[in-house]
Amino acid sequence: MKRIEFPKGFLWGTATSAHQVEGNNRHNDWWEWEKSRNGDRSGEACAHYDLFEEDFTLAQSLHTNAHRLSIEWSRIEPEKDRWDEREIEHYRRAIDSLRSKGIEPIVTLHHFTNPLWIARSGGWESGETAVQFADFAGKVASEFAGAARWWVTINEPMVFIDAGYRRGHWPPQVEDDARATKVMRCLIRGHRMAYKAIHEATAARHGREVSVGVAKNFLYFVPCRPRCLKDRWAAWLRHFQYNRLFLSAIAGGVHGCEALVGGKGLPLKKALDFIGLNYYIKDFVCGERLDLPWGTALAGRVCTWEHRQHIDGRERNSLGWLISPEGIGHALHTLKGYGLPILITENGICTTDDSQRERFIKEHLFHVAKAIQDGVNVVGYTYWSLLDNFEWHEGFEPRFGLVEVDYATQKRTPRPSAAMYAQICRDNAFVYDGT
Ligand code: IFM
């Protein structure tokens, strides 16, 4: 048994995203796409748009001091250059509600959904989208930066690219590496422009410092056959492309040079104040198709090699993802190289066995604490998710919440894991009985 302690001032929180919890986000591309497919539609979701006060009171009862939420672009700007003041007021109330409860808001600006007018004018394949996104970011920052210090521009850019433009199971359902590469460049540009816009707007309007980052999903890639050189090389390259390239293109310094191999013409100045880490799983990589020419492999494309997960009987979540707590330590040590504070913006599990969630949280936090002891500057942890919610194309079945949602009645019931997490948040420490 060990007592694991965290640094003073550590941020303990939960995370959600607008489309997954609010309900009735009618003006975005997901809403439109959901109409035409078999499967759950987001619909009312968790009715969090109306119930945010109750939900933030729950977050407060968990002794959290931070909460990550996203602002739905299609609500604020339902048509090009038309700002909806009522929706701005809604988010002002939500952010103020968090602050009044002693909970630091962490505001995400793009969490997978796009306003329909953006999607219809080319989405993130159009160079204009980065400009529009920066406008939105500047507008929102000028409204809320007095109340919010932490800003995440884009959530999980590589997931957005991979699911929407390479594997094609999310809108706009494209399966094309060249188009995926183009989207990656536009997202990098969008992040960089939004970074500048947020800083400019907050300095001008509020004269205060804010921290702007990206929420970067990190996969723990390991070679299928640890002794096979091809597999090891493939795992390293996949790590380079998936985990590092996007960050390197915005982190500046020597990492900018790394990004240069990913694409010509990327600007290399620093545009990142902290790194948001989203970590869930480990993935096995095999190198059978490592015959790709170098140029292709290093052109910044989303990787096209086969990679597969071993069916090796290890622990999985209810979606079949392979759980690997040590992977979060690996991610943190990798990210340490960027020399920026790291905020864990997502980590969580979908399961119907709540004791698995408790174990998951403690095991991951154990590795987080170990990394902090090794000198990694981790400033906070936000569990995904406060509530069960709409898990994109997987619908409502996966249960990620500390708090159970009955979708028929919208009744919230905190799970035992919520009480366990609350105790960790309150004590800034926990007793670990694992190995
Ligand atoms: O629900 C998602 C979230 O929107 C982004 N990160 C991963 C979560 C679980 O899949």
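The values are calculated or read from the model by the stated rules, or taken from the named source; none is laboratory data. All figures in this text were calculated on a predicted structure; none of them were measured in a lab. Don't worry about glycine lacking a Cβ; one is built from the backbone with ideal geometry, like all the others, and counts go over all protein chains shown. What goes into the accessible areas is simple: the full protein's heavy atoms, side chains included, and nothing from ligands, DNA or RNA. Shrake-Rupley method; radii C 1.70, N 1.55, O 1.52, S 1.80 Å.
Table for the structure above
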| read-out | value |
| --- | --- |
| Residues of the range 46-58 satisfying the condition of being of a type in the set (A, V, I, L, M, F, W, C) and touching a Gly at 6+ places or on another chain (Cβ under 8 Å) | Cys46, Ala47 |
| Near pairs, Cβ below 6 angstrom, 6+ apart or cross-chain, from the range 371-385 (farther than 16 Å from Ile361 by Cβ) to any residue that is of a type outside the set (Asp, Glu) and within 16 Å of the ligand (Cβ to nearest atom) | Val379/Leu343 |
| Output for the range 26-55, where each listed residue is outside any helix (DSSP H, G or I) and surrounded by fewer than 23 Cβ atoms within 10 Å (Cβ to Cβ) | Arg26, His27, Ser36, Arg37, Asn38, Gly39, Asp40, Arg41, Gly43, Glu44, Ala47 |
| Qualifying residue in the range 135-142 (condition: more than 20 Å from Ser17 (Cβ to Cβ) and in contact with a strand residue (DSSP E or B) (Cβ under 9 Å, 6 or more places away or on another chain)) | no |
| Qualifying positions in the range 145-182 - surrounded by fewer than 23 Cβ atoms within 10 Å (Cβ to Cβ), in a helix (DSSP H, G or I) and away from the ligand (no atom under 16 Å from the Cβ) | Arg166, Asp177, Ala178, Arg179, Thr181, Lys182 |
| Yes/no for Gly13 being among the small types (Gly, Ala, Ser), out of contact with any Pro (no Cβ under 8 Å at 6 or more places or on another chain), open to solvent by 10 Å² or more (accessible area, probe 1.4 Å) and within 30 Å of Asp427 (Cβ to Cβ) | no |
| Arg412 more than 16 Å from the ligand (Cβ to nearest atom), closer than 27 Å to Glu53 by Cβ and surrounded by 15 or more Cβ atoms within 10 Å (Cβ to Cβ) | yes |
| Long-range neighbours under 6 Å by Cβ, at least six apart or interchain, first residue part of a helix (DSSP H, G or I) within the range 118-137, second crowded, with 22+ Cβ neighbours inside 10 Å and of a type in the set (Phe, Trp, Tyr) | Phe136/Trp73 |
| Residues (assigned to a loop (DSSP other than H, G, I, E, B) and acidic (Asp, Glu)) located in the range 56-90 | Glu72, Glu77, Asp81, Asp84 |
| Which numbered condition Cys257 misses (of (1) touching a Leu at 6+ places or on another chain (Cβ under 8 Å); (2) away from the ligand (no atom under 16 Å from the Cβ); (3) of a type in the set (A, V, I, L, M, F, W, C); (4) open to solvent by less than 70 Å² (accessible area, probe 1.4 Å)) | (4) |
| Residues of the range 396-435 classified as in contact (Cβ under 8 Å) with a residue 12 or more places away in the chain, within 14 Å of Val21 (Cα to Cα) and more than 22 Å from the chain's Cα centre (by Cα), total | 3 |
| Residue in the range 382-398 that is under 30 Å from Gly252 (Cα atoms), hydroxyl-bearing (Ser, Thr, Tyr) and in contact with a strand residue (DSSP E or B) (Cβ under 8 Å, 6 or more places away or on another chain) present | yes |
| Members of the range 129-164 found to be under 18 Å from the mean Cα position of the chain (by Cα) and within 30 Å of Asn38 (Cβ to Cβ), listed by number | Ile154, Asn155, Glu156, Pro157, Met158, Val159, Phe160, Ile161, Asp162, Ala163, Gly164 |
| Selection from the range 320-367 of residues that are small (Gly, Ala, Ser), open to solvent by 10 Å² or more (accessible area, probe 1.4 Å) and within 16 Å of the ligand (Cβ to nearest atom) | Gly320 |
| Extreme residue, least open to solvent (accessible area, probe 1.4 Å), among residues of the range 368-403 that are within 16 Å of the ligand (Cβ to nearest atom) and among the acidic types (Asp, Glu) | Asp388 |
